[in-house]
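**Q** First, the structure itself, so that you have it in front of you.
The values are calculated or read from the model by the stated rules, or taken from the named source; none is laboratory data. Please read all numbers here as calculations on a predicted model, not as lab measurements. Accessible surface areas use protein heavy atoms only, side chains included; no ligands, DNA or RNA. Shrake-Rupley method; radii C 1.70, N 1.55, O 1.52, S 1.80 Å.
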Amino acid sequence: MNILLIHGLGRTPLSLWTLGNILQKAGHHPTFFGYTSVLHSFDDIAQRLRLQLRSLSQLGPYGIVSHSLGGILTRAALTNANFPPPAHVVMLAPPNQSPLAARLANRLFPFRWYARQCGQNMAAPAFYQQLPILTSPYTLIAGTAGPTGPLSPFGHEPNDLILSISEVRMHPKDTPLLVPALHSFIMNHDMAQRFTLQAFAAADSDALTEIG
């Protein structure tokens with residue numbers, strides 16, 4: 001299956017290179033989408049992603065792996081898309097609800113300067129209210145290596161240092177797969193990699209069943 005990998009805020013496609021190699025060894029065909037929030041607006045990035053997904057969809061069934069902000073860009077790019085949806089989307093530590101960390105960081109000038117519209121959107125609950133839930137099958141993978149307890153901003157809720165489990169859920173009934181990893185490095189954890197491979201193996205099986 002063709003799989004597009006989309007990195008998170010402040011990262012580059014290199015952050016997903018190892019995962020891409022693992023997918024390739026499993027028989028998939030990974031490609032990478034890159035962006036920089038300081039140079040382009042969220043809307044411009046989402047539009048460019050939409051065009052790349054449209055091109056990918058013309059080659060047959062495809063999937064998406066996103067990390068962090070990459071998942072929100074994916075949701076925006078697939079909104080009212082006039083091309084076939086992905087067979088499956090794996091979202092690594094996605095801020096599917098407006099995260100506390102973004103709302104706090106957006107008060108600081110360095111974050112506002114670098115993250116621009118991407119950061120503003122994540123810090124705005126109103127933005128999420130108009131962002132549709134994915135219609136494609138999806139797998140949510142959340143980290144749990146962040147601190148908990150009285151001194152943690154997340155209290156006793158499991159978190160990855162940046163996001164709590166509840167902030168990863170797209171729908172209240174979602175059950176994310178849990179990995180003992182921190183937010184920025186979850187894509188390199190062997191459990192996250194195994195869950196990703198399993199998700200696309202199942203998607204491939206479903207596609208073959210439909211063809212048969």
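**Q** Per residue, what volume in Å³ does the Cα convex hull of the chain take up?
**A** 112
**Q** Just need the relative contact order of segment 98-160 here, percent rounded to a whole number, with Cα pairs under 8 Å and 6+ apart.
**A** Worked out over segment 98-160, it gives 23 percent.
**Q** What do you get for the angle between helix 190-211 and the principal long axis of the chain? Use alpha-carbon atoms, 0 to 90 degrees, nearest ten.
**A** So the helix axis and the longest Cα principal axis differ by about 40 degrees.
**Q** Also, I was wondering about something else. Using alpha-carbon pairs under 8 Å, 6+ residues apart, how would you state the relative contact order of the chain in percent?
**A** About 20 percent, as a whole number.
**Q** Using only the heavy atoms of the protein chains and a 1.4 Å probe, how would ASP160, ASP174, ASP204 rank by accessible area, largest first? All intermediate terms of the calculation are to be shown ahead of the outcome.
**A** Working: ASP160 5, ASP174 25, ASP204 50 Å².
Descending order: ASP204, ASP174, ASP160.
**Q** Can you tell me the 0 to 90 degree angle between the C-alpha axis of helix 109-122 and the longest principal axis of the chain, rounded to 10?
**A** Rounded to the nearest ten degrees, it is 50.
**Q** Now for a different question. What angle do you read, to the nearest 10 degrees and between 0 and 90, between the alpha-carbon axis of helix 42-57 and the longest principal axis of the chain?
**A** The helix 42-57 is inclined about 20 degrees to the chain.
**Q** Leaving out ligands, DNA and RNA but keeping every protein chain, what accessible area does LEU131 have, in Å² rounded to the nearest 10, with a 1.4 Å probe?
**A** 20
**Q** Each residue of segment 77-89 in turn: what ³J(HN,Hα) in whole Hz from Karplus with 6.51, -1.76, 1.60 and θ = phi - 60°, glycine and Pro shown as x?
**A** So the Karplus estimates, Gly and Pro as x, are 5, 8, 5, 6, 5, 9, 8, x, x, x, 5, 7, 10 Hz.
**Q** Under a 1.4 angstrom probe, counting protein chains only, how are THR144, THR74, THR135 ranked by accessible area, largest first?
**A** On the way: THR144 45, THR74 0, THR135 130 Å².
Putting THR144, THR74, THR135 in descending order of accessible area: THR135, THR144, THR74.
**Q** Can I ask one more? With an 8 Å cut-off on Cα pairs and a minimum separation of 6 or more residues, tell me the relative contact order of segment 110-212 in percent.
**A** For segment 110-212, the relative contact order is 21 percent.
**Q** Quick one: order PHE109, PHE32, PHE42 from most to least accessible surface, probe 1.4 Å.
**A** Result of the area sort, largest leading: PHE109, PHE32, PHE42.
**Q** Quick one: what are the phi-derived ³J(HN,Hα) couplings along segment 168-185, Karplus 6.51/-1.76/1.60 with θ = phi - 60°, whole Hz, x for glycine and proline?
**A** Per residue, the Karplus-derived 3J(HN,Hα) values read 7, 5, 8, 10, x, 8, 4, 10, x, 7, 9, 10, x, 9, 8, 3, 6, 10 Hz.
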